[in-house]
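Bear in mind that the values in this text are calculations on the coordinates, not laboratory data. Bear in mind the structure is a predicted one, so any value in this text is a computation, not a measurement. All Cβ positions, even for glycine, are placed from backbone atoms using ideal geometry, and neighbour counts span all protein chains on display.
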Amino acid sequence: MYDDLKQKIIAASAELGIDKIGFTTAAPFTEMAASLQAQKAAGHTSGFEHQVLAERLYPDQIFDQPQSIIAIALAYPSKMQQKAPRDRKQRRGTFARASWGEDYHFILRDKMQQLAEFIEANTELEFRFKPMVDTGELSDVAVAQRAGMGFIGRNGLLVTEEFGSFVYIGEIITNIPFAPDPPVENQCGTCTRCIDYCPPQALLGDGRLNAQRCLSYQTQTKGMMAEEFRPQIRSVIYGCDICQLVCPFNRGKDAHHHARMEPEVEEVTPVLQSMLTISNKEFKQRFGRLAGSWRGKKPLQRNAIIALANVKDRSAVPLLLEVIENDPRPVIRATAIWAVAELAQHADPALQAFLHEQQITATDSEVQQALLAALTKLQSKKD
Ligand code: B12
Ligand code: SF4
Ligand code: SF4
């Protein structure tokens, strides 16, 4: 059934620079229903998932008479070719790899559009299609797994044979009944490295995750970050790659196939102090094309402050004091208050006096709580 066309699509996909392609039916993903419901009920979801369960499970709820789904994967780099300059006075943060180069949503959308145009030009049928990547209704890993692109590892990610899990995935629902590809068996075997190395122990063991504990999620929230997670992010200000970096299937995987995905040092390893006082305009200019800027500048600035404390950059203290005095955003001020107390090496009477002064004018509960905690911490330090 449409085998010639399928073979032509596979060949065209390679020419278009699509690294991997697979086909599956448009049958419902009913086997996922119980897990998705249980995860939501347990409070293990992030809120970034598509919220209408039926639309996640039944392709015919989001497309008129779907006949197949084409899954695609684009491999991304895991190592930077340019290295950030090492300067102890200019400590840098990092973005996780899924935010290197241009936002992958645009790159995958372009590839899927080109592929759809190829299909349109090569069939007599009236071709209908719906592409999606990340923000669509379907679970991208579930589609890709069923389309034979790889297996879902204990880290919950799609692991491909050729590129490990360092792939972005997208899919196109179509009205053409292509023959499905056979799924790949899970190959984790006895390995549990991703579970063992995950700092907040967010992975549940069977490919599921408590997203609320995942550092990737924690770096993308807009409120205060719970104290437990602050040291765990180290200097990573967006996302987390640990459960991928420790995976044996990712060893030696570092694809540089797409110029648009190449990271720029100043973008993805920014000088932390330089992020604290940038304007909205400058933020857009410097970080606007990254996937990691989708939540705006506040979470990244909050994370940069946390990172400064984590890397023990005491040269940041004057700037942090300025932020505490002048920044109007309670989350930023409260995080900076925590950071100066973390960075203080002794009880520091001048700092205590400064914080006491702040207490007089503080009206927001986050700031008040942070001041109290910081003063308690300072008092417990030796003179
Ligand atoms: C919400 C979301 C997040 C949340 C929650 C993640 C999660 N695992 O649920 C947060 C913010 C934490 C997150 C983090 C990351 N994400 Co994210 N995320 C998504 C998003 C939008 C939805 C995921 C979702 O529906 N979760 C709900 C859970 C309950 O469902 P599920 O994961 O789809 O399915 C699970 C079960 O149903 C079950 N299951 C389903 N089918 C099957 C079949 C079999 C055989 C088995 C055994 C199990 C099984 O296991 C699955 C794994 O948990 C997807 C895009 C999309 N539309 O699918 C990207 C997506 C999963 N993320 C992606 C990436 C790259 C990441 C990060 C690596 C980014 C980073 N560097 O920080 C981290 C990795 C964290 C991790 N270990 O999962 C990629 C993954 C690519 C890949 N190779 O798999 C995706 C697919 C985006 C994309 N299109 O490329 N993400
Ligand atoms: S992304 Fe980081 S925090 Fe999230 S599951 Fe993986 S190792 Fe754990
Ligand atoms: S680290 Fe081990 S358990 Fe985790 S996904 Fe990779 S192979 Fe599977």
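Looking only at the stretch 324-383, residues that are closer than 22 Å to Pro231 by Cβ and over 30 Å from the mean Cα position of the chain (by Cα) come to 19 in all.
Filtering the stretch 92-138 to residues that are charged (D, E, K, R) and either within 16 Å of ligand 3 (Cβ to nearest atom) or within 22 Å of the chain's Cα centre (by Cα) (or both) leaves Arg92, Arg97, Glu102, Asp103, Arg109, Asp110, Lys111, Asp134, Glu137. The residue pairs whose first member lies in the stretch 235-246 and is at positive phi, whose second member is in a helix (DSSP H, G or I) and more than 9 Å from ligand 2 (Cβ to nearest atom), and whose beta carbons are closer than 7 Å, counting only pairs six or more residues apart or on different chains, are Gly239/Ala98; Gly239/Ser99; Gly239/Gly292.
From (1) among the small types (Gly, Ala, Ser); (2) out of contact with any helix residue (DSSP H, G or I) (no Cβ under 7 Å at 6 or more places or on another chain); (3) more than 15 Å from ligand 3 (Cβ to nearest atom), pick out the condition that doesn't hold for Gly207. Every condition holds for Gly207 apart from (3). It is to be established whether one or more residues within the stretch 270-286 are of a type in the set (Phe, Trp, Tyr), surrounded by 20 or more Cβ atoms within 10 Å (Cβ to Cβ) and in a helix (DSSP H, G or I). No. Contact map, the stretch 332-350: first residue in contact (Cβ under 8 Å) with a residue 40 or more places away in the chain, second residue in a helix (DSSP H, G or I) and of a type in the set (Lys, Arg), Cβ cut-off under 7 Å, separation 6 or more or different chains; pairs are Thr335/Arg302.
Only one of the listed residues (Arg234, Arg260) is closer than 26 Å to Thr160 by Cα and of a type in the set (Lys, Arg). That residue is Arg260. Within the stretch 117-124, identify whether any single residue is assigned to a loop (DSSP other than H, G, I, E, B), within 16 Å of ligand 2 (Cβ to nearest atom) and of a type in the set (D, E, K, R), and answer yes or no. Within the stretch 117-124 (the criterion being assigned to a loop (DSSP other than H, G, I, E, B), within 16 Å of ligand 2 (Cβ to nearest atom) and of a type in the set (D, E, K, R)), the answer is no, since none of the residues qualifies. Among the residues of the stretch 152-187, those identified as within 16 Å of ligand 2 (Cβ to nearest atom), surrounded by 21 or more Cβ atoms within 10 Å (Cβ to Cβ) and either closer than 16 Å to Leu209 by Cβ or polar (S, T, N, Q) (or both) are Ile152, Gly153, Arg154, Asn155, Leu157, Leu158, Val159, Ser165.
For the stretch 157-182, filtered to residues that are within 16 Å of ligand 3 (Cβ to nearest atom), touching a helix residue (DSSP H, G or I) at 6+ places or on another chain (Cβ under 7 Å) and part of a loop (DSSP other than H, G, I, E, B), the residue that is farthest from Ile9 (Cα to Cα) is Leu157.
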